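Only one structure is covered here, and it is reproduced in the block below.
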């Protein structure tokens, strides 16, 4: 296998042939995939959320399925259903769209809580239980869920328990004028997604996922991560802090970022870089603090500023 940093550069270049000017979002999506996590993309329509999922699947030779979440969607529409086969006289399980490598859960907050919860077992345990039987999901499995933060009518906000299952939450953001002009030029004749080719095999991806755990974390960096998370549990403007799952996610994200940068250890600055997308959806701002303009991101920025980072390792 080639150098991991070279592999990531090739992957990023391939994704940027479709997704223009979103290097940070692309890197965070790759980190989530490396850590076998799940990604929540929260932004207004038309900014490339769906295209990012399709491009990621197409760049790594993975199967991708899309579910449009609506209020009438049933859990069985996600996980699958047992159908009676008259010829053999027994029920046969028909797998649902969750049995894929990358599942795009489009506008996940439009489905009822019962349907939303049908994803929980798959996201946490990489398996689906139906009619008393358990079915394993593919070795490479990732949920990329999108939600529109401005349309709240007819939606069902994700509960904290489900938000905590997402490894990262990211925002795409509007492109600059130059980037938007480039998008228009790229799509004059056809969309570049149609000519996208895989540059990494699924076996290479699994190998990279395994290498994440080999990145060294000094004890001081581990304490730094835990100190950041502990501050979210004690902060005066927060009614809910991050759980130990948040500490583990921040550790893994830091290791994956270090691997992407060609490093064999985690630097405290890397922890700072990935802290907000990993932790912002795991904390709950008090209502009175929201009224005064406080957000999860601003609070995390203050926490990162006040928690002392360990001396950088040589």
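Working carefully through the options 19, 12, find the one that is within 24 Å of residue 185 (Cβ to Cβ), without any contact (Cβ under 8 Å) to a residue 60 or more places away in the chain and part of a helix (DSSP H, G or I).
Result: 12 is the single residue among 19, 12 that is within 24 Å of residue 185 (Cβ to Cβ), without any contact (Cβ under 8 Å) to a residue 60 or more places away in the chain and part of a helix (DSSP H, G or I).
Being surrounded by 12 or more Cβ atoms within 10 Å (Cβ to Cβ) and more than 16 Å from the chain's Cα centre (by Cα) is true for just one of 105, 61, 145. Which residue is that?
61
Can you tell me how many residues in the range 283-301 are assigned to a helix (DSSP H, G or I) and more than 24 Å from the chain's Cα centre (by Cα)?
5
Yes or no, residue by residue, for (1) closer than 27 Å to residue 279 by Cβ; (2) within 16 Å of the chain's Cα centre (by Cα); (3) touching a residue at least 60 places away in the same chain (Cβ under 8 Å):
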| residue | (1), (2), (3) |
| --- | --- |
| 39 | yes, yes, yes |
| 51 | yes, yes, yes |
| 66 | no, yes, no |
| 76 | no, no, no |
| 79 | no, no, no |
| 83 | no, no, no |
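Is it true that residue 104 is closer than 25 Å to residue 186 by Cα and touching a residue at least 24 places away in the same chain (Cβ under 8 Å)?
So residue 104 fits the description; yes.
Residues that are modelled with pLDDT under 90 and assigned by TED's automatic domain parsing to the domain that holds residue 148: list the strands (runs of 3 or more DSSP E) wholly contained in the range 51-132 that include at least 3 such residues.
Where strands (runs of 3 or more DSSP E) fall fully within the range 51-132 and carry at least 3 residues being modelled with pLDDT under 90 and assigned by TED's automatic domain parsing to the domain that holds residue 148, they are 80-85, 90-95.
Residue check: is residue 280 under 16 Å from residue 166 (Cα atoms) and either in a helix (DSSP H, G or I) or under 21 Å from the mean Cα position of the chain (by Cα) (or both)?
When the stated conditions are applied, residue 280 passes them.
The values are calculated or read from the model by the stated rules, or taken from the named source; none is laboratory data. All of these numbers come straight from a predicted model, not from anything done at the bench. Neighbour counts run over all protein chains shown; Cβ positions are idealised from the backbone, glycine included.
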